[in-house]
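Below is one structure, written out as structure tokens; the observations come after it.
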Amino acid sequence: MPGKNIALIGFMGSGKSTVGRILAKELGRSFVDLDRLIEKKSHKTISEMFRTSGESGFRKLETEVLQEVLEGREQVISCGGGIVLREENRAALRANASVVYLKVSSDEAFSRVGQSGYRRPLLDVADPFAEIARLLEERDPLYTAVSDVIIDTTGKTKAKVAEEVLHKLRVKGLL
Ligand code: S3P
């Protein structure tokens, strides 16, 4: 539906923030990066939050901030990779946004984020590649189930991905 929010979901390193910024600019909409907003509201980095409140503390705040943001309209929202884990988040996204899944392979996710585990607490483990493969397998069905549009990002520039998102949303009458 024109005017609805556009939410970008997908694994860490799938390009949600960069693609989101391009889309927002193209469409003249405001851009919201959920992770950055959570950090702003909590006055902590995501890594600090995981350390002090655990993943569950982070997930609770993530849900609250998502719900608050989804009260707005006509925004482009980039969501953290774990947004689909809670059913209430999936329901809120489905009801209030056209949801775009930026799909990435585990190889590509690893080459994009594998070396920056310090900024991504879930990948701050002995074998980040195995963890990426495990998380991706668990989450891919959830990303797929909640999305209106799926874009395979493998080997594509961010500009190309953004162009495909716009095209697919238009074809589906979502823009
Ligand atoms: C997470 C992804 C991160 C961030 C947090 C947890 C996840 O966001 O929300 O570290 O569970 O996949 P990005 O996908 O933007 O890296």
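The values are calculated or read from the model by the stated rules, or taken from the named source; none is laboratory data. Values in this document were obtained by computation on a predicted structure and should not be read as measured data. Here the Cβ is made from the backbone with ideal geometry for all residues, glycine too, and neighbour counts use every protein chain on show.
General remarks:
- Residue pairs whose Cβ atoms lie under 9 Å apart, separated by 6 or more positions or on different chains, with the first residue in the stretch 16-28 and farther than 9 Å from residue 78 by Cβ and the second away from the ligand (no atom under 12 Å from the Cβ) and of a type in the set (Ser, Thr, Tyr), are 24/30.
- Identity of the residue in the stretch 52-100, away from the ligand (no atom under 16 Å from the Cβ) and in a loop (DSSP other than H, G, I, E, B), that ends up surrounded by the fewest Cβ atoms within 10 Å (Cβ to Cβ): 71
- Residue 20 fulfils the conditions (1) in a helix (DSSP H, G or I); (2) more than 15 Å from the chain's Cα centre (by Cα) except for a single criterion, (2).
- Condition check for residue 17 on (1) touching a Ser or Thr at 6+ places or on another chain (Cβ under 9 Å); (2) surrounded by fewer than 19 Cβ atoms within 10 Å (Cβ to Cβ); (3) over 22 Å from residue 159 (Cβ atoms): one failure, at (3).
- Qualifying residue in the stretch 122-134 (condition: surrounded by 19 or more Cβ atoms within 10 Å (Cβ to Cβ) and under 13 Å from the mean Cα position of the chain (by Cα)): no
- In the condition set (1) under 27 Å from residue 24 (Cα atoms); (2) within 16 Å of the ligand (Cβ to nearest atom), residue 123 is compliant with all but (1).
- Where residue 135 falls short, out of the listed (1) out of contact with any helix residue (DSSP H, G or I) (no Cβ under 9 Å at 6 or more places or on another chain); (2) modelled with pLDDT of 90 or more; (3) among the aliphatic types (A, V, I, L, M): (1)
- Residue count for the stretch 133-171, restricted to those that are outside any helix (DSSP H, G or I) and closer than 16 Å to residue 106 by Cα: 6.
- Only one entry in 111, 116, 47 is surrounded by fewer than 16 Cβ atoms within 10 Å (Cβ to Cβ), within 11 Å of the ligand (Cβ to nearest atom) and at pLDDT below 95, namely 116.
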